[in-house]
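See below for the structure under consideration.
The values are calculated or read from the model by the stated rules, or taken from the named source; none is laboratory data. A quick note: this is a predicted structure, and the numbers were derived from the prediction, not measured. All Cβ positions, glycine included, derive from the backbone under ideal geometry; neighbour counts span all protein chains shown. Heads up: the accessible areas ignore ligands, DNA and RNA and are worked out on the full protein's heavy atoms, side chains in. Shrake-Rupley method; radii C 1.70, N 1.55, O 1.52, S 1.80 Å.
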Amino acid sequence: MSQLLRARRVLTEQGWLDDHQLRIENGVIAAIEPIPTGVHARDADKLCPAYIDIHVHGGMGVDVMDDAPDTLDVLAIHKAREGVGAFLPTTVTAPLELIHGALTRIARRCRSGGPGAQILGSYLEGPYFTPQNKGAHPSALFRELDIAELDELITLSNNTLKVVALAPEKPGALQAIRHLKQRGLRVMLGHSAATYEQTLAAFDAGADGLVHCYNGMTGLHHRGPGMVGAGLTDKRAWLELIADGHHVHPGALRLCSCCAKERVVLITDAMQAAGMPDGRYTLCGEEVTMHHSVVKTASGGLAGSTLSLDAAVRNMVEHAGVTAEDAIHMASLHPARLLGIDRQLGSLTPGKRANMIALDGGLHLQQIWIQGQALPL
């Protein structure tokens, strides 16, 4: 199947191209070329790579931990409506058998496919954390790191487990990081009281970055730079960022973009209340309350977000002062590079999958194509 899409501006890894068109063959970008003179019709104002959300727990009333048969389909359709072409359903700290079930269901959906955004695999957030910065995770269910247990999780996922999050100060953490890296997984650090030095040691062992930078970790202090200081200054570290204006102050967003613009990965960390009205929901088995789109636990702590990834891109432009080009890369090219899939996804380049979005001048979503197929919004 051949397609031709014309846009006033096309975003590539090298920057914007004015008045260019994409030739698509069987769901793959075949060429990007100037629109012939005299052709005035345009299919999009801005044609950009579809977003990739590597860290999302739920939305539209469903949770990744739910065992209802349509859970992942509902979530995938919801993600596509915010410009996400591919994502990683993310688990939470829970009894091990529930985590096993979630990883098995995600693996099955990876193999079968389905409507909406593509599922790339799973992201394990918990139970290998420490209590001090636990967030909404129930510390009573935290577990010690065990290589055999990690291998069992990988096996149950049918090798679709892509990311494991852990606290780097836990006993055996460095050995676990090295082992997971040898198995081809990405390792992110978070929900932890690690020092600056412990965090650097984890990066030395192969850890890839920080889980939702600033949140759930030791903060930046001039006598103890903490995990945040290590992540901001170590060029090996990818930094997940929840740019919703609640989890991270606009000044801290600007600091992150100044120190690590090329290493920021925008995420939603969205939970089941995303896309839903204010009310009571659950996360990690506990009741939480959403008021004015902010979700909190009974003790007043933040409990995931209701952010959409297209809003995160707009927030980075408005509040962090980055260019639209850089903000879009933070939600597309950077996550693809973090996951090691940037030869297939993450930018508009010949040979890559035709996962694309059309944006208007305000960076609002107008259309999404996944492997060249337009999806209803």
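Here are a few things to note about the model shown:
- DSSP-defined beta bridges in the chain - what % are antiparallel, rounded to 5: 60 percent
- Electrostatic dipole magnitude of the chain [Cβ: Lys, Arg +1; Asp, Glu -1; Cα centre; debye, to 20]: 600 debye
- For the stretch 250-304, the solvent-accessible area with a 1.4 angstrom probe is 45 square angstrom per residue.
- For the stretch 149-247, a crude dipole built from +1 on the beta carbon of Lys and Arg and -1 on the beta carbon of Asp and Glu, taken about the Cα centre, is about 220 debye to the nearest 20.
- Of the peptides 348-355, 278-285, the order by per-residue mean of other Cβ atoms within 10 Å, starting with the highest, comes out as 348-355, 278-285.
- Of all DSSP beta bridges confined to the stretch 206-290, the antiparallel ones make up roughly 55%.
- Averaged per residue, the stretch 323-377 has 36 square angstrom of accessible surface, using a 1.4 angstrom probe with ligands and nucleic acids left out.
- Magnitude of the charge dipole, the stretch 28-164, Cβ model with Lys/Arg +1 and Asp/Glu -1, debye to 20: 320 debye
- Extending 7 Å from the Cα toward the beta-carbon at both Asp45 and Arg178 defines two label points whose distance is 5.3 nm.
- Using the average count of surrounding beta-carbon atoms within 10 Å as a protection proxy, the listed peptides 158-171, 48-61, 218-231 rank, highest first, as 48-61, 158-171, 218-231.
- Close amide H contacts of Leu283 (hydrogens built in the peptide plane, cut-off under 5 Å, sequence separation of 5 or more or a different chain): Val288.
- Listed peptides 182-188, 82-88 by packing density, highest first (mean Cβ within 10 Å): 82-88, 182-188
- Cα convex hull, the chain: 126 Å³ per residue, rounded to a whole number.
- Table column - 3J(HN,Hα) (Hz), the stretch 108-118, Karplus curve with 6.51, -1.76, 1.60, x for Gly and Pro: 4, 5, 4, 6, 7, x, x, x, x, 5, 6
- Between helix 147-156 and the chain there is an angle of about 40 degrees, using the helix long axis and the longest principal axis of the Cα atoms.
- Close amide H partners of Gln367, meaning residues 5 or more places away or on another chain with modelled amide H under 5 Å apart, are Ala358.
- Of all accessible heavy-atom area on the stretch 221-283, the percent that carbon and sulfur account for (1.4 Å): 58 percent
- Atom-type composition of the exposed protein surface of the stretch 13-123 places 51 percent of the accessible area on carbon and sulfur (1.4 angstrom probe).
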